[in-house]
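Any read-out appearing in this document is the output of simple, stated calculations on the displayed coordinates, not a laboratory observation. This structure is a prediction, so every number in the text was calculated from the model and none was measured. Using ideal geometry, Cβ is built from the backbone for each residue, glycine included, and neighbour counts are taken over all protein chains shown.
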Amino acid sequence: MFYDIPMQFKSGEFKFKELPRADKNNALRLEYNKEYEILEYDMIKWDGTARIYSVPKNAVKDTLVVAYDGNDELERIELSDKNKTRLVYIRYVNMKDSRDSVLKFIRKQAKRLSHEIMKRNEMLSRIFIESFYDGDAVDIAVKTATPEEMKAVIDENGGDTESADYSGNFPVESRIEIDRETLRVMLLCTSEDYRDTLFSVCAVDVKEYIEKHVLDNIDKTEDFKFICEAYD
């Protein structure tokens, strides 16, 4: 099933059914695969295809919202899924535009992660930052470990103290994630040549924000470590 989104329309936000019939030569074509619940479109400025996964069958027809800027140009596409707004497309004029937008977003996410860590009000032995990016999947998350959790990991690994420095040995329940899907779409909508660099900047920003705003405001053990890991 195809949904053609006009590249130009009047300024404002509109549901899909409120849009005029699009000229296929001047439209962003969204293709929805019902079997796999995938929504995809070809990049407008860059090579490649963007894919949005796990999109419910009626979400596009019933919840898609399209925004046009003050120049009547397509700016953003979103849909709703279980009371959550999901980004589908965002227009960036150039790399500086994408950088400014992504960094504004990631700093809000870093602030949220920091708040969640401090809200736990626990003595901590480790804080890990995990990151991953392969051009499609995106992940930046924080994982914390209490002294009890660290001891349990060391005991499980035959007394190997170095095992406590690997975040994968700790429970996923302590993991706090950024909004990975939104960042993923933002990166897909910028230049392919810039995505790896921009993701690296995001990971560093999260690290530096937590380092600045969290480490001096929590209870830490004497052997506390702050560890950043990029995983495969």
Note to self: Taking Rg/Rh (Cα atoms, Kirkwood Rh) straight from the coordinates, which label in (i) 1.10; (ii) 1.06; (iii) 1.01 is the correct one?
What the structure shows: (ii)
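Where in the chain are the helices, taken as whole DSSP H runs, whose Cα atoms extend 24 angstrom or more along the long axis and whose Kyte-Doolittle mean reaches at least -0.5?
On the way: long enough: 95-119 (36 Å, -0.94); 195-213 (27 Å, -0.23).
Those that clear 24 Å and a mean of -0.5 are 195-213.
I want the antiparallel fraction of DSSP beta bridges within the chain, as a percent rounded to 5.
On the way: 38 of 45 bridges.
Of the beta bridges lying entirely in the chain, close to 85 percent run antiparallel.
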Next item on the list: Please get the size of the charge dipole for the chain, origin at its Cα centre, with Cβ charges of +1 on Lys and Arg and -1 on Asp and Glu, quoted in debye to the nearest 20.
Entry: 1180 debye
Check: Quick one: of the DSSP bridges fully inside region 95-230, what percent are antiparallel, nearest 5?
Finding: 60 percent
Item checked: GNM result for the chain, Cα springs below 10 Å: residue of Ala50, Ala141, Ala22 fluctuating most strongly -> Ala22
Checklist line | Listed residue (Ile140, Ser80, Asn33) projecting farthest to the positive dipole end of the chain, Cβ model | finding: Ser80
Checklist line | Rounded to whole Hz, the Karplus (6.51, -1.76, 1.60) HN-Hα couplings of region 129-135, x for glycine and proline | finding: 10, 9, 9, 7, 7, 10, x
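Note down the net charge around Ser174, summing +1 for each Lys or Arg and -1 for each Asp or Glu among other residues with Cβ under 9 Å from its Cβ. Show your work: numbers first, answer last.
Numbers: positive: Arg120, Lys143, Arg175; negative: Glu149, Glu173.
Overall, the nearby charge balance is +1.
Excluding Asp47 itself, calculate the net charge of residues whose Cβ lies under 15 Å from the Cβ of Asp47, where each Lys or Arg counts +1 and each Asp or Glu counts -1.
Summing Lys/Arg as +1 and Asp/Glu as -1 gives -2.
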Next item on the list: For the chain, set up a Gaussian network in which alpha carbons nearer than 10 Å are linked by springs, and say which option among Lys220, Lys111, Lys84 fluctuates the most.
Entry: Lys84
Check: Where does the charge balance sit around Glu31 when Lys and Arg score +1, Asp and Glu -1, over other residues with C-beta under 12 Å from its C-beta?
Finding: 0
